[in-house]
Amino acid sequence: CVTCLGPQISMNSGSQTLTCGNIYQFFDSGGPSGNYSNNENITQTFYPSTQGSCMSIVFQGINTANNDILSIYNGSSTASPLIGSYVNQSLPPAFNTNGPVTFQWVSNGTNNRV
């Protein structure tokens, strides 16, 4: 196949090892068709299956309600260097990282999106 999509991953607290060479579909906690919840505070770290391998992250879309924030860190925790924080419908840039990458998702108490 030209583009083989790997498994779907929904945001949840914890960590996960990703197999190098696969393309994963990463969704908010609502999955591919549901809304995320209000008052979420989720931190998830992804590790490449081969230590020190490069992972490419490319966003196809992001659709958040006002003041809900996705922060991305270049490393294994939120103490790692911040790549960026994204709110509303701003689209994070594509980027490469050697080693783990951490996503922190914080939603407020009102409104949510698919």
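The values are calculated or read from the model by the stated rules, or taken from the named source; none is laboratory data. Worth saying up front: this structure is predicted, and the values here are computed from it rather than measured. Positions of Cβ are generated from backbone atoms using ideal geometry, with glycine treated the same way; all protein chains shown enter the neighbour counts. Accessible surface is based on the protein model in full, side chains and every heavy atom, while ligands, DNA and RNA are left aside. Shrake-Rupley method; radii C 1.70, N 1.55, O 1.52, S 1.80 Å.
Of all the numbered requirements in (1) in contact with an Asp or Glu (Cβ under 6 Å, 6 or more places away or on another chain); (2) modelled with pLDDT of 90 or more, TYR36 misses one, and that requirement is (2).
Listed here are the residues, each with its yes/no results for (1) over 14 Å from the mean Cα position of the chain (by Cα); (2) hydrophobic (A, V, I, L, M, F, W, C).
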| site | (1), (2) |
| --- | --- |
| ASN12 | no, no |
| ASP28 | no, no |
| GLY31 | no, no |
| GLY34 | yes, no |
| THR43 | no, no |
| TYR47 | no, no |
| PHE59 | no, yes |
| THR78 | no, no |
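Across segment 76-114, which residue is modelled with the lowest pLDDT among those that are within 21 Å of ILE23 (Cα to Cα) and of a type in the set (Ser, Thr, Tyr)? Among them, the one singled out is THR97.
May I ask you to list the residues in segment 76-86 that are surrounded by 15 or more Cβ atoms within 10 Å (Cβ to Cβ) and either closer than 18 Å to SER15 by Cα or of a type in the set (Val, Ile, Thr) (or both)? Within segment 76-86, SER76, SER80, ILE83 qualify.
In segment 37-51, is there at least one residue being open to solvent by less than 70 Å² (accessible area, probe 1.4 Å), touching a Cys at 6+ places or on another chain (Cβ under 8 Å) and not acidic (Asp, Glu)? Looking through segment 37-51, at least one residue is open to solvent by less than 70 Å² (accessible area, probe 1.4 Å), touching a Cys at 6+ places or on another chain (Cβ under 8 Å) and not acidic (Asp, Glu). Within the option set SER71, SER56, being among the small types (Gly, Ala, Ser), modelled with pLDDT under 90 and in a strand (DSSP E or B) holds for one residue only, SER56. Checking each residue in segment 33-50 for being part of a strand (DSSP E or B) and hydroxyl-bearing (Ser, Thr, Tyr) picks out THR43, THR45, TYR47. Within segment 11-32, the residues that satisfy the criterion of being assigned to a loop (DSSP other than H, G, I, E, B), among the polar types (S, T, N, Q) and either more than 28 Å from ASN108 (Cα to Cα) or at pLDDT below 80 (or both) are THR19, ASN22. Within segment 34-55, residues that are free of Cβ contacts under 8 Å to residues at least 40 places away in the same chain sit with their Cβ atoms under 9 Å from residues that are crowded, with 19+ Cβ neighbours inside 10 Å and part of a strand (DSSP E or B), at 6+ positions apart or across chains, in these pairs: SER49/LEU18.
Residues in segment 53-76 that are farther than 20 Å from SER29 by Cβ and in contact with a strand residue (DSSP E or B) (Cβ under 6 Å, 6 or more places away or on another chain): CYS54, MET55, SER56, ASN74, SER76. Within segment 64-75, restricting attention to residues that are of a type in the set (S, T, N, Q) and open to solvent by 60 Å² or more (accessible area, probe 1.4 Å), the residue that is farthest from SER37 (Cα to Cα) is ASN74.
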